[in-house]
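S.K.: Before anything else, here's the structure in question.
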Amino acid sequence: MMFRSQIVGCGAYLPERIVTNEELATRLDTSDAWIRQRTGIGQRRIAADGELTSDLAYHAARQALERAGMNGNDLDLLVLATATPDETFPATAVKVQARLGMTRGAAFDVQAVCSGFIFALAVADNALRLGQARTALVIGAETFSRILDWQDRGTCVLFGDGAGALLLNAVSESGPMQRGILSTHLHSDGRQHDILYVDGGPSSTRETGYLRMQGREVFRQAVHHLSSVVDEALAANGLAPSDIDWLVPHQANTRIIEAVGRKLGLDAEKTVLTIERHANTSAASIPLALDEAVRDGRIRPGHIVLMEALGGGLTWGASIARW
Ligand code: ACO
């Protein structure tokens, strides 16, 4: 029997501390106007000292489980997307697994930087479709504040910390309600390493390192690859842009999001934007945006939701779901 992954809950968590553009401008040669105009970012959340990626992930996961009336032991798969794990090993996912009281199945991390949530969603969706697991939690959680060079105004103003989670249940593919994850589409191009990477790691410098980026080149490639993967996702499902109820993009830059939307002829009012308040939270940005739009009633059962992301690697991907 074949299954489909139905969405049964979502959750989110943001650290308490808000850092505004104005606050950054007191210690860096930058301004609120520059940051807003180039990126759409107005503020970001920054994790407290000692608050780890696993803490953010745990809170988002708990919320998703509680809203679905479930607990950790209902899960048999936990896939956590992060580029900022608590430790080099073990996976941050197993720390979250233990805290949730999940004692069966498997938990592991997926590393695709800003595309991590789409990659983790694809892994979980495939496992559910094949009957390898029945209930899966997909988490995107990041503390990018820990890998930023706070002297580099070209990068440190762009990112924030946060976590979001999506709970999936396997249902029979032949059921009457064709709701759930319709398809996932993944890509990467390792030749583009140098335009976005962290200059450290356990096997190279033995230090964590800092994020380095050629912003213009990332921007250019993002618009190109995101447009093409969104076309691919629409075609795979026989959908037109006008069929999309909500575009929930990775929140890297308002100008990238708008450029992709324009290329596709998508209605700008159908885009869920959180970047002004959250900045770029890497793998957490899509589930954070999903959670917000579900809670405020924009995304409703039956809606067609298009998700897309691009990140370091390069990696990029898209997914379409019927909520
Ligand atoms: N405040 C003020 N001035 C700044 C700042 C800042 N925070 N940062 C850079 N500048 C200056 C530069 O020094 C440069 O000055 P110069 O002309 O005197 O040399 C000038 O602004 C222009 O710099 P550019 O880097 O060319 O600016 P650009 O218009 O390309 O905008 C940005 C930079 C916002 C990073 C843009 O390239 C971008 O958004 N790229 C996409 C990258 C991205 O979103 N990455 C996120 C990770 S990947 C992902 O999630 C998709």
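S.K.: Can you pull the three principal axis extents for the Cα set of the stretch 104-252, in Å, largest first?
M.R.: 55, 42, 26
S.K.: Only Lys, Arg, Asp and Glu count, each charged at its Cβ (+1, +1, -1, -1), so figure out the dipole size of the chain about its Cα centre, rounded to 20 debye. Let's see the in-between values first.
M.R.: Numbers: 31 positive and 37 negative charges, 95 e Å.
Value, rounded to 20: 460 debye.
S.K.: Suppose we take every Cα in the chain and form the convex hull; what volume per residue is that in Å³?
M.R.: Working: hull volume 40.9 nm³, N = 323.
Roughly 127 Å³ of hull volume per residue.
S.K.: Karplus couplings for the stretch 24-37 from phi (6.51 cos²θ - 1.76 cosθ + 1.60, θ = phi - 60°), rounded to Hz, Gly and Pro as x?
M.R.: Couplings: 4, 5, 6, 10, 9, 7, 8, 8, 4, 4, 4, 5, 4, 5 Hz.
S.K.: Would you please calculate the Kirkwood hydrodynamic radius of the stretch 268-307 over all C-alpha pairs and express it in Å, rounded to one decimal? Provide the component values of the computation, followed by the final result.
M.R.: Values: mean 1/r = 0.0928 Å⁻¹.
By the Kirkwood definition, the hydrodynamic radius is 10.8 Å.
S.K.: Using a 10 angstrom cutoff on alpha carbons, build the Gaussian network for the chain and name the most mobile of Ala165, Ala235, Ala124.
M.R.: Fluctuation is largest for Ala235.
S.K.: Can I ask one more? Cα centroids of the stretch 244-261 and the stretch 13-84: how far apart, whole angstrom?
M.R.: Using only Cα atoms to place each centre, the spacing works out to 19 Å.
S.K.: Then there is this: Can you work out the Karplus-derived ³J(HN,Hα) for every residue in the stretch 249-266? Use 6.51 cos²θ - 1.76 cosθ + 1.60 with θ = phi - 60°, whole Hz, and x for glycine or proline.
M.R.: x, 4, 9, 9, 6, 4, 5, 5, 4, 5, 5, 5, x, 5, 4, 8, x, 7
S.K.: Around Ala81, which amide H atoms from residues at least 5 apart in sequence, or from another chain, sit under 5 Å from its own amide H, with H modelled in the peptide plane?
M.R.: Val110, Ile139, Gly140, Ala141
S.K.: Can you tell which of Ser285, Ser172, Ser115 shows the greatest fluctuation in a Gaussian network model of the chain with Cα springs below 10 Å?
M.R.: Maximum among the listed residues: Ser172.
S.K.: Now for a different question. With r as the distance between the Cβ atoms of Ser172 and Leu28 and R0 = 45 Å, compute the FRET efficiency 1/(1 + (r/R0)^6) and round to 0.05. Could you put the intermediate results ahead of the total?
M.R.: Working: r = 55 Å, r/R0 = 1.21.
Step by step, r from the Cβ atoms, then E = 0.25.
S.K.: Would you grab the residues whose amide H sits under 5 Å from the one on Thr271? Only those 5+ places off in sequence or on another chain, please, with H modelled 1.01 Å from N.
M.R.: Leu247
S.K.: Compute the Rg to Rh ratio over the stretch 20-148 from the alpha carbon atoms, using the Kirkwood formula for Rh, and round to two decimal places.
M.R.: Values: Rg = 17.1 Å, Rh = 16.1 Å.
Reported Rg/Rh (Cα atoms, Kirkwood Rh): 1.07.
S.K.: Moving on to the next point. Please find the FRET efficiency linking Val19 to Leu130, where r is the Cβ-Cβ separation and R0 is fixed at 51 Å, and quote it to the nearest 0.05. Walk me through the numbers before you get to the answer.
M.R.: Details: r = 43 Å, r/R0 = 0.85.
For R0 = 51 Å, the calculated efficiency reads 0.75.
S.K.: How much of the DSSP beta bridge set in the stretch 180-322 is antiparallel, as a percent to the nearest 5? Mind showing how you got there, number by number?
M.R.: Values: 20 of 25 bridges.
The antiparallel fraction comes to roughly 80 percent.
S.K.: Rounded to the nearest 0.05, what FRET efficiency do Asn73 and Arg206 give with R0 = 45 Å and r taken as the Cβ-Cβ distance? Could you check?
M.R.: 0.75
S.K.: What percent antiparallel are the DSSP beta bridges of the chain, to the nearest 5? Each step should come with its number before you reach the end.
M.R.: Details: 43 of 59 bridges.
Within the chain, antiparallel bridges account for around 75 percent of the total.
S.K.: Give the residue from Leu75, Gly11, Ile41 lying farthest towards the positive end of the charge dipole for the stretch 1-145; charges sit on Cβ (+1 for Lys and Arg, -1 for Asp and Glu) and the dipole is referred to the Cα centre.
M.R.: Sorting the options by dipole projection puts first Leu75.
S.K.: Expressed in nm to one decimal, what extension gain is obtained for the pair Glu269 and Asp245 from 0.36 nm per residue of sequence separation less their Cα-Cα distance? Please report the intermediate quantities before stating the final value.
M.R.: Values: separation 24, 0.36 × 24 = 8.64 nm, distance 0.98 nm.
Between Glu269 and Asp245, full extension yields 7.7 nm more.
S.K.: Which of His278, Gly201, Val157 sits farthest toward the positive end of the charge dipole of the chain, with +1 on the Cβ of Lys and Arg and -1 on the Cβ of Asp and Glu?
M.R.: So the residue we want is His278.
S.K.: Then there's this: Extending each Cα 7 Å along its Cβ direction at Phe108 and Arg295, get the distance between those two points in nm, one decimal.
M.R.: Reported label-point gap for Phe108 and Arg295 is 3.2 nm.
S.K.: Grab the DSSP H runs of the chain that are 4 residues or longer, score each as -39,500 (n - 2.57), total them, divide by all residues and round the 222 nm result to the nearest 500 deg cm²/dmol. Before the final figure, lay out each step's value.
M.R.: Numbers: 10 runs with 103 residues, N = 323.
Result for the chain, helices only: -9500 deg cm²/dmol.
S.K.: D for the stretch 180-322, whole µm²/s, Stokes-Einstein with Kirkwood Rh over alpha-carbon pairs at 10 °C and 1.306 mPa s: what number? List each step's numbers first, then the result.
M.R.: Values: Rh = 15.8 Å.
In µm²/s, the coefficient is 100.
S.K.: Comparing Ala240, Ala93, Ala47, which has the greatest mean-square fluctuation in the GNM of the chain with Cα pairs linked when under 10 Å apart?
M.R.: Looking only at Ala240, Ala93, Ala47, the largest GNM fluctuation is found for Ala240.
Laboratory data are not the source of any read-out in this text; all were calculated from the coordinates shown. Quantities reported herein were computed from a predicted structural model and do not represent experimental measurements. Methodologically, a virtual Cβ is constructed for each residue, glycine included, from the backbone with ideal geometry; neighbour enumeration extends over all protein chains shown.
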